[in-house]
Structure formats: structure tokens, C-alpha cells
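Taking it in order: structure first as C-alpha cells, then the write-up.
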Amino acid sequence: MAGTTTLAGLQAGDHVCVPYLGASVRAGIMEDFVREGLADGDKVICCTVQDDPDALTAALAEADARVPEALRDGRLLVCSATKSYLAAGRFDAERTAADWREVVGQAERDGHAGLRIIADMSWATGAVPGTERLPWYEAEVNRIFARGFARGVCLYDRETFTPARLRRYISTHPGTVEPDDPQPPQLRMRHTAEPRGLALTGEADIANRAALIAVLDGLRADLPGTDPLTIDLSGLNFADVAAASALVRAARRVPGVRLAGASRRLAGLLELVRQADA
């Protein structure tokens, strides 16, 4: 069963895909996620595919004695996909993204130390209207996580998603964490206050390209104003050509945005891309 080695390395602001195999693995991941969140004083939200989430609630309570009190005082919320992702009777990607933005903002206003969201995405395997927009949604919500307050885990069952669909969903997350793999997410993206802008750390490539592009495209909307914005690349260890192109386009397209801190190797790649796009 997957344990704390799977998610213990996550930080506020991370949004990861966890491909899993088997109900027991899924249960173990959720139980550990809740346990760690409550221990750190965060608010925790669990979304399950079951129409009636009582079974998950009972399992969580059995795994952690703090669960009943956390349910009563609102620090823990267990909900079904029917009441969350499919509340409109279909999957409305834009509405769901907006709802999560409000949920995260409310958790901040309520004074929680942080917010942790874990969701079993198996509801998207059926013929649910709107699921063709799921890749857009998964990429878009990275803009919310980039604020650095909430962390999110999306569970994808290897038995129910085809390899092609799973690869597409993986690319919309900054990182993928395999059960029992302690490796951190490949890419971390965080809004920064000083300098105002965005910090990138890790590696940017085909595995997380859609996530990176969504955050870059939303940068000025998420950090409104006319003041300069800096995309700090000092922690970016690797970027492929497509990621470098996305960075160059962002600097050209968004007024007042500059790239800073690139390693000599990355700076050379960025210059080549600039010349090719000139």
C-alpha cells in the first residue's frame, strides 16, 4: 500500500498526478494525505467517485482518530464527484475551475494554515459530457496552485484510463508522483512577491508543458497591474526547446515581463529560440 513516501515531499503550491493501481493503493494514499494534512493544521478536502462518500469517511475515521472532530469543525470535507466536479449535471470545466478558485480563497480568508485537495478522477472514465475539457481544466488550475497556498493531488486509475489518455492528463500537471516513489514533482511554479512575478524550479519538458503554458498565459491576469514582472529561472535545471519557446513568447507577449536568472546553458537556448522566432 502506498504510504507517506508517496506524498510527504509535496509542498504548498504543488499540483501532482498520481497514477495508481488498485483500490487499496488509492485508499492508502487518501488516508495518509488526510493524516498529514490534519497534523500540519491544514484544511483537507477529499473528493471521491462514490455518490455516497460515507464509506470513505468511515475509512478515514478508522485510520485517524482526529477525523470526526475535523469533520465537525470544517477542517475536513469529504464530497462525491456528483457534488463537486459534476454538480452541474455534466463536467463544466470553466465553472469547476472558478469554484476551486473560490474554495482556495475562502480557506485563506478563514485563516487556515493551508489547503490540501485530493481527488479520485475516475469519474472521467465514463461517457460524462464535458470530459473533453478535462485537459484544459487540469492545466488551468495550476494558476490557482501557483499562489503557493494550496496543494492538490489528482488520482488516476491505471486500470480505467487508457495509456494515451493518461499521458495527456499527466502533461497537464507540473509533476507526476508514482506510489511509493519519494521523488518530488518535476516542476514547481510559484508566484513571488519580491521580485513580483513567477519562480520556476526543477525541469520543464513535454511531461508538464501544458501546465507551464497555462501558468505563463495567465500570469498578468493573476498578477494584475502595470508593474514589471520577473520570471525567475535560477532554479530551473532544464528546459526543452518547447518550454524555452513558451518562456520567450511570454516575455514578448506580456508587457513588462522579463526573464532572469537563467543558467548559461539555458540562456544560450533562450537566445537561440529568440533568434529563430525573430
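Would you mind checking which residues have amide H under 5 Å from Asp14's amide H? H placed 1.01 Å from N; only 5 or more apart, or other chain.
Gly152
Give the residue list of GluC sites (Glu not before Pro) in segment 117-212 that are DSSP loop and have at most 14 other beta-carbon atoms within 10 angstrom.
When the GluC sites (Glu not before Pro) of segment 117-212 are filtered for loop state and at most 14 Cβ neighbours within 10 Å, Glu159 remain.
Assigning unit charges at the beta carbon (Lys, Arg +1; Asp, Glu -1) and nothing else, what dipole magnitude in debye, to the nearest 20, does segment 13-129 show about its Cα centre?
That gives a dipole near 200 debye.
May I ask you to compute the full-extension gain from Leu71 to Ala127, defined as 0.36 nm times their residue separation minus their alpha-carbon distance, rounded to one decimal in nm?
16.9 nm
Can you tell me the convex hull volume per residue for the chain, based on C-alpha atoms, in Å³ to the nearest whole number?
Here the figure is 129 Å³ per residue.
Report the extension gain between Arg264 and Ala276 in nm, rounded to one decimal, defined as 0.36 nm multiplied by the number of residues separating them, less their alpha carbon distance.
Stretched out fully, the Arg264 to Ala276 stretch lengthens by 2.5 nm.
Tell me, Leu38, Leu76 in order of fewest to most beta-carbon neighbours within 10 Å?
Leu38, Leu76
What distance in nm separates the two pseudo spin-label positions at Asp110 and Ala221, each 7 Å out from Cα along the beta-carbon direction?
It is 2.6 nm.
State the three equivalent ellipsoid semi-axes of segment 63-211, derived from the C-alpha gyration tensor as the square roots of 5 times its eigenvalues, in descending order and whole Å.
Taking √(5λ) for each eigenvalue gives 23, 22, 17 Å, largest first.
So if a site counts as exposed when it's one of the trypsin sites (Lys or Arg not before Pro), its DSSP state isn't H, G, I, E or B, and it has at most 14 other Cβ atoms within 10 Å, what's the longest stretch of the chain without one?
The reported range is 159-278.
Could you let me know the centre-to-centre spacing of segment 119-189 and segment 8-44, using Cα atoms, in angstrom?
14
Run the numbers on segment 4-176 and let me know its relative contact order in percent, using alpha-carbon pairs under 8 Å that are six or more apart.
Here the relative contact order equals 37 percent.
Which value, to two decimals, describes the C-alpha radius of gyration of segment 187-277 once divided by 2.2 N^0.38 Å?
0.98
How much length, in nm to one decimal, is gained on full extension between Ala59 and Ala23, taken as 0.36 nm per residue of separation minus their Cα-Cα distance?
11.7 nm
Considering the chain as a Gaussian network with a 10 Å cut-off on Cα pairs, which listed residue, Gln106, Gln186, Gln11, attains the greatest mean-square fluctuation?
Of Gln106, Gln186, Gln11, the most mobile in the Gaussian network model is Gln106.
Kirkwood-based Rg over Rh for segment 125-278 (C-alpha set), two decimals?
Ratio of gyration radius to Kirkwood radius: 0.99.
Every number in this text was worked out from the coordinates using simple rules, so none of it is lab data. Quick caveat, the model's predicted, so the values are computed rather than measured. Note that each Cβ is placed from the backbone with ideal geometry, even for glycine, and that neighbours are counted across all protein chains shown.
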